[in-house]
Amino acid sequence: MAIVNLQNVTYQYPLTSSPALRDVSLQINEGEFVAVVGPNGAGKSTLCYTLAGFVPHFFKGELTGTVEVAGSETHSSTLNEWVMNVGLAFQNPFNQISGAKYTVFEEIAFGLENIGVPRDEMISRVEDAMKLTDISDLADRSPYSLSGGQQQRVALTSILVMQPKVLVLDEPTSQMDPIGTREVFGVIRKMAEQGMTVILVEHKVEWIAQFADRVIALKDGEVLLEGTPGEVLTSPLVEESGFGISRYTSVARKAQKLALWKKHKLPVTLDEATEGFAHPLTPNPSPERRGEQ
Amino acid sequence: MHERLSFYAKRDSLLHRLNPLTKLTLVFGFVLISFLTPFYWTPHLLILFGVIPLSFLGKVAREYFNTSLRLILPAAGFLFIMQALFQPLEGRELFRIWFLHPTEESVMYAFGNAMRIFVMVSSFTLFLLTTHPSELMSDLSRRGLPGQFAYVVISTLQILPQMQAKAQTIIAAQRSRGLDTESSFLRRASSLIPLVGPLVFGSLVEVEERAIAIEARGFTSTRVKTSLHAIPDTNSDRLIRWALILLILISLAVRLWLS
């Protein structure tokens, strides 16, 4: 069942001359993990804001088409109600810290205070969420004294604790170092495994290839391609646009030209690449084997 | 650069456990009474038998003397000297230098005023030392203070050190490209100008992101907010508050009656 449904969505920011999203139609099923790739200015962030209700409620501007999440429609809803359905986290962890709280525990409780959750329930929900994202040991620290990866996990926990139906993440690891990236992806993956619907905008193709059920490639505000990671991330269309290429695909493509890669399909993960080089004539590994690295 | 811009000293004391509103009433009570009552000795007595014993009760006496003396001595001292020298009050002349001739009356008057300032600043210091800002704000928002107002107060306290740190980074970056920050005062002042752009515009961009981030957490939700901290408001809290309000009214009445 589609929990997110976009029909012919076109949106233009105020004071701009061309639309940021053009005629975008998408269906995302409950529990699906969808990754969005695309070059700068492709409309990835705008798509996130649209899903999270900030377009048009916060940014104003003109939105045509319909945006539906969990049965309610963005035009006939307010931002206040909308944020209960869709959680949004984005790049800069520092700017996602509310600034109104002195400890991580209070910071995570901030959203629950705002929506009027009773105190006992609040405490247990915060504790549970912190356990889930493995930051219980940070509870009494100041949110400002944390590393980038820790701050981003606090920001994610602050959204998760509100129990949204859909999680929208706009390049959550773009300002992280490798350790921070791994920490944050660990949390995202756990969310996906628990059946949360996740929509992730991300440049780090190797991670997407491992975890995502489906990849959507955006370009100039339009959906360029849509399919499994194996289909989208190896597509010549994506290669031409110069984004979303994993190093495994690049290597295999080069090898193909030298007749060293014999399979029809190009790899997107380390497993597929090693498999292809080691046993060039057997079929590609099944999708279940992805993600075991 | 992670220090907080707050005086709060964490202790376990009777004063710390009082409801923030009670302490706030206490502060305003002290200030109003010392300004309202026409008796010369009121502020002196309030300091001696009110604020100072309370600082011991709150287990913050050391911090209290430290901060309040540093804050008050320059301000109150300056006020005292100016008023003692320039207040044209008739009375017995103490000495005369050039055109300055302080009288006994003007010195007394100046001392009284300085003491009132002392009451004001030192009771506020005591309040800040024993009340956590977020506790104060959640208590006040529970009583109907708009959430936006509380947010502005607290986030300012938190964000100022962050902005300071950012300013340091920008200065370092500009210095590494040859900006002069170490010669004469005027040169240094003018070298601050290129700092303003990145700092202010950078902060404005951040404001939008932060607005989105807190909105995503239901900041403007129309539901009734709750608070993580259960802030005790006991009967003795209410009793103290009413007693203070009564005292303020009595001081006002005495003032009106005597004048």
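The values are calculated or read from the model by the stated rules, or taken from the named source; none is laboratory data. Note that the coordinates shown come from a computational prediction; the quantities given were computed from them, not determined experimentally. Don't worry about glycine lacking a Cβ; one is built from the backbone with ideal geometry, like all the others, and counts go over all protein chains shown.
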- Query: Only one of these conditions is not met by A:Val126: (1) part of a helix (DSSP H, G or I); (2) away from chain B (no Cβ under 14 Å); (3) hydrophobic (A, V, I, L, M, F, W, C). Which number is it?
  - Reply: (2)
- Query: Among the residues of the stretch B:122-151, which ones are without any contact (Cβ under 8 Å) to a residue 40 or more places away in the chain and among the small types (Gly, Ala, Ser)?
  - Reply: B:Gly144, B:Ala150
- Only one residue in B:Ser184, B:Ser203, B:Ser138, B:Ser190 is modelled with pLDDT under 85 and either closer than 30 Å to A:Glu121 by Cα or facing another protein chain (nearest Cβ under 8 Å) (or both). Which one? B:Ser138
- Query: surrounded by 13 or more Cβ atoms within 10 Å (Cβ to Cβ) and in a helix (DSSP H, G or I) - does that describe any residue in the stretch B:217-234?
  - Reply: no
- Could you check A:Val67 against (1) surrounded by fewer than 20 Cβ atoms within 10 Å (Cβ to Cβ); (2) in contact (Cβ under 8 Å) with a residue 12 or more places away in the chain; (3) not basic (Lys, Arg) and say which number it fails? (1)
- Message: Checking the conditions here, which among A:Gln91, A:Gln96 is closer than 23 Å to B:Val152 by Cβ and not hydroxyl-bearing (Ser, Thr, Tyr)?
- Response: A:Gln96
- Scan the stretch A:96-109 for residues that are crowded, with 19+ Cβ neighbours inside 10 Å and either in a loop (DSSP other than H, G, I, E, B) or within 7 Å of chain B (Cβ to nearest Cβ) (or both) and report the count. 9
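Can B:Gln158 be described as more than 30 Å from B:Ala61 (Cα to Cα) and either part of a helix (DSSP H, G or I) or assigned by TED's automatic domain parsing to the domain that holds B:Val51 (or both)?
Judged against the criteria, B:Gln158 is not a match.
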- Message: For a quick check of your reading of the model, give me the residue pairs whose first member lies in the stretch B:220-231 and is facing chain A (nearest Cβ under 7 Å), whose second is of a type in the set (Phe, Trp, Tyr), with beta-carbon atoms closer than 8 Å and at least 6 apart or on different chains.
- Response: B:Leu228/A:Phe105
